């Protein structure tokens with residue numbers, strides 16, 4: 001069974017400091033979000049894509065992103081929620097409406113502002129999801145990490161056991177649906193989807209990605225992304 005991809009891109013990009021949301025900023029002549037969609041549009045194991053954006057951006061995204069760049073796999077553009085977790089939940093609800101809620105269907109969730117993921121790793125990710133139910137892309141941390149409370153260091157975790165989580169993160173539909181339902185019942189909020197599955201008590205496998213897969217969040221990230229793409233802003 002081919003994968004369905006949810007792309008939450010409903011953030012306002014406050015840390016960019018500009019008037020335009022970060023996902024629409026141009027990178028090497030094309031909006032960041034268009035770069036991200038291309039990763040999945042061109043992959044043979046991806047069946048369809050659900051794009052999740054701010055409610056007021058739906059028409060803009062349809063015209064300026066999906067239609068302009070001819071993304072045929074974008075099945076629906078969905079209004080996001082107040083928080084990322086709400087946005088992804090809206091995406092899962094849309095899958096039910098469209099009949100893509102088979103229990104073992106691979107669901108990939110990828111940040112709209114991560115345009116540099118190496119899509120060659122998608123096949124391996126989907127394979128692990130089909131075998132184990134849950135897998136995330138990530139990389140080992142490079143720096144020493146400190147626990148800090150009130151500006152005082154309280155501990156230094158063993159760096160050899162620490163990884164930086166990235167996206168895409170993949171799950172079988174039934175598992176991620178159950179994880180979201182349980183999180184809502186427990187009022188549990190997390191910064192990534194793997195944490196919800198961990199909260200459920202299900203193991204999540206880590207698949208090594210690469211350090212190029214940055215999330216474009218600040219103006220400095222734009223410069224880094226341009227350098228990695230070898231292009232210009």
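Restricting the search to helices (runs of 4 or more DSSP H) fully inside the stretch 14-114 and requiring at least 1 residues that are more than 25 Å from residue 129 (Cα to Cα) and at pLDDT 95 or above gives 32-41, 58-61.
Within the stretch 106-132, the set of residues being farther than 22 Å from residue 196 by Cβ and buried (at least 24 other Cβ atoms within 10 Å of the Cβ) comprises just one member, 115.
Working carefully through the options 217, 191, 167, find the one that is modelled with pLDDT of 95 or more, touching a helix residue (DSSP H, G or I) at 6+ places or on another chain (Cβ under 9 Å) and within 30 Å of residue 25 (Cα to Cα).
Values: 217 fails: modelled with pLDDT of 95 or more; 191 fails: modelled with pLDDT of 95 or more.
Going through 217, 191, 167 in turn, just one is modelled with pLDDT of 95 or more, touching a helix residue (DSSP H, G or I) at 6+ places or on another chain (Cβ under 9 Å) and within 30 Å of residue 25 (Cα to Cα): 167.
Within the stretch 98-114, the set of residues being more than 14 Å from residue 209 (Cβ to Cβ) and touching a residue at least 60 places away in the same chain (Cβ under 8 Å) comprises 100, 101, 102, 103, 104, 105, 106, 107, 109, 112, 113.
Surrounded by 21 or more Cβ atoms within 10 Å (Cβ to Cβ), over 17 Å from the mean Cα position of the chain (by Cα) and either outside any loop (DSSP other than H, G, I, E, B) or free of Cβ contacts under 8 Å to residues at least 12 places away in the same chain (or both), is that true of residue 7?
The answer is no for residue 7.
Does residue 98 satisfy the criteria of being surrounded by fewer than 20 Cβ atoms within 10 Å (Cβ to Cβ) and either over 16 Å from the mean Cα position of the chain (by Cα) or closer than 20 Å to residue 53 by Cβ (or both)? Yes, satisfied.
Here are some residues: 160, 123. Which one is assigned to a helix (DSSP H, G or I), out of contact with any helix residue (DSSP H, G or I) (no Cβ under 9 Å at 6 or more places or on another chain) and modelled with pLDDT under 95?
Just one listed residue meets the conditions, 160.
Being over 19 Å from residue 112 (Cα atoms) and part of a strand (DSSP E or B) is the requirement here; does residue 153 meet it? In short, yes. Among the numbered criteria (1) crowded, with 17+ Cβ neighbours inside 10 Å; (2) touching a strand residue (DSSP E or B) at 6+ places or on another chain (Cβ under 7 Å); (3) over 23 Å from residue 192 (Cβ atoms), which one does residue 52 miss? Going through (1) crowded, with 17+ Cβ neighbours inside 10 Å; (2) touching a strand residue (DSSP E or B) at 6+ places or on another chain (Cβ under 7 Å); (3) over 23 Å from residue 192 (Cβ atoms) one by one, residue 52 breaks only (3).
The values are calculated or read from the model by the stated rules, or taken from the named source; none is laboratory data. Values in this document were obtained by computation on a predicted structure and should not be read as measured data. Ideal geometry is used to build each Cβ from the backbone, glycine not excepted, and the neighbour counts take in all protein chains shown.
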